[in-house]
């Protein structure tokens, strides 16, 4: 069995680790600022020295005469007092006349390639690799009496010299950092010990056991919530639950009463079998006080193996259906965007490849072909449908189907000038989206080369007609009467996709929206194979005559 560290030790180690990381970060920032400031200061110091040397009396005449011995006698006393790594004098031809560290480089070219601006009369600061290594250096021009540049003065500090200064400063700062870290260790230990004392020397898992029941009671407080003990007596019911179920008594009046006296509930709910198996249910449809709700149930265990009752949270089924459809729509939008992004990346990769191979004409033709196809679909959808949201959905479904190898075609007679008053825009997109998903899945499941899925939408003849035709596997005759029931699928449970996307919920939600709009759905066989789903929704409110019609 793995030994777990006590809470106090874990907290202490966490604080210590955070303190070390913080000090490391501060040290890195400090080193960065010190190094930058040091480079700035030394650069300015080199600039001042180079400028002063260039103005020394007699230097210009010696440089003009190329008097290397005279230059050496003039500069050598300054070299002894300067902290620079080297001092170099060069002529206008960029050749050494004096080098404080390497006399053998006399008459050899200056190294670094940064003399152009100096020969134009400017004083510069640069970092270059010279004859004795990489250095931070400043170069100043030497002028003659006619103010012409006849030579160059270079004063530099080797980067190794600067690094030694940085290390020295950082070492001093590290001593203070270690002292601060020691204080943080003491503080962390005292803090963790004091916190453990305030927790009555209990570990978090011990506290979790004490509050487990309250946590279970409060986990769904924004919904209707009630809790019962092991004897199925009501121990808690919130205001939302009383309002949803039409219960007028207060919580104190209801506390302790048997559950069946407070509300009408199915006899099998919270049965003895459930108590023995400690089962939990999520999204279970039931009836409470003659109201259809979707309920979640979680068992309470006061001690391991000992049931303490149940906590139930529920919401009106209509609210859950609305929320589920909206979340499903958002998920479809996200999937469509992901597919469009993937296709765009493939398109861009192809274009980049053609450009890298310098096949510019092929690249232009590829751009024209891709743009023409996408623009044609975009122009058609934008011209035929007035709903921007529906246009976005159809474009996304078109790209998604093409990504899967299925062509989505639009009937040339499509038009939608207005959305019926009996159905919302969100509900309409859910109906169209689920029918298209169903058709694409059926086409892919046919086990043969994918044939196009056809879509026709029209608001002529005082009703909205939606037809989705596929040449897939069709709909089994025994399945048709139950096709629009929740959870119905035409595939084995192990398959990734199911008829009515999202494990049988897609067509169920679509049928619910059509029913609420007073419309109907017909299923017909397509020729030579496949199925046609036809949705009829009146443009004005009317009495519903049914939801499912089978055409043979």
*Residues that are touching a strand residue (DSSP E or B) at 6+ places or on another chain (Cβ under 9 Å) and at pLDDT 80 or above: find the helices (runs of 4 or more DSSP H) completely inside segment 222-327 holding 3 or more of those.*
239-245, 259-262
*Please work out which one of (1) farther than 18 Å from residue 382 by Cα; (2) touching a helix residue (DSSP H, G or I) at 6+ places or on another chain (Cβ under 6 Å) is the condition residue 463 fails and give its number.*
(2)
*asked:* touching a helix residue (DSSP H, G or I) at 6+ places or on another chain (Cβ under 7 Å) and within 14 Å of residue 539 (Cβ to Cβ): is that true of residue 415 in this structure?
replied: yes
*Which of the following residues is part of a helix (DSSP H, G or I) and in contact (Cβ under 8 Å) with a residue 60 or more places away in the chain: 19, 14?*
19
*Taking only pairs six or more apart or across chains, which ones have beta-carbon atoms under 8 Å, a first residue in segment 244-255 that is in the same structural domain as residue 234 (by TED's automatic domain parsing), and a second residue that is part of a loop (DSSP other than H, G, I, E, B)?*
245/263; 245/289; 246/289; 247/263; 247/289; 251/238; 254/247
*In this structure, does residue 104 turn out to be free of Cβ contacts under 8 Å to residues at least 12 places away in the same chain and under 55 Å from the mean Cα position of the chain (by Cα)?*
no
_Filter result for the condition that a residue is touching a helix residue (DSSP H, G or I) at 6+ places or on another chain (Cβ under 6 Å), assigned by TED's automatic domain parsing to the domain that holds residue 540 and either in a helix (DSSP H, G or I) or at negative phi (or both), over 433, 392_ = 433
*Yes or no: residue 382 exposed (fewer than 14 other Cβ atoms within 10 Å of the Cβ), over 18 Å from residue 464 (Cβ atoms) and in the same structural domain as residue 541 (by TED's automatic domain parsing)?*
yes
*Here are some residues: 401, 363. Which one is more than 30 Å from residue 512 (Cα to Cα), crowded, with 17+ Cβ neighbours inside 10 Å and under 33 Å from the mean Cα position of the chain (by Cα)?*
363
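The values are calculated or read from the model by the stated rules, or taken from the named source; none is laboratory data. Computed from a prediction, not measured in an experiment: that's the story for all the values here. For neighbour counting, all protein chains shown are included, and Cβ atoms are generated from backbone atoms with ideal geometry for every residue, glycine included.
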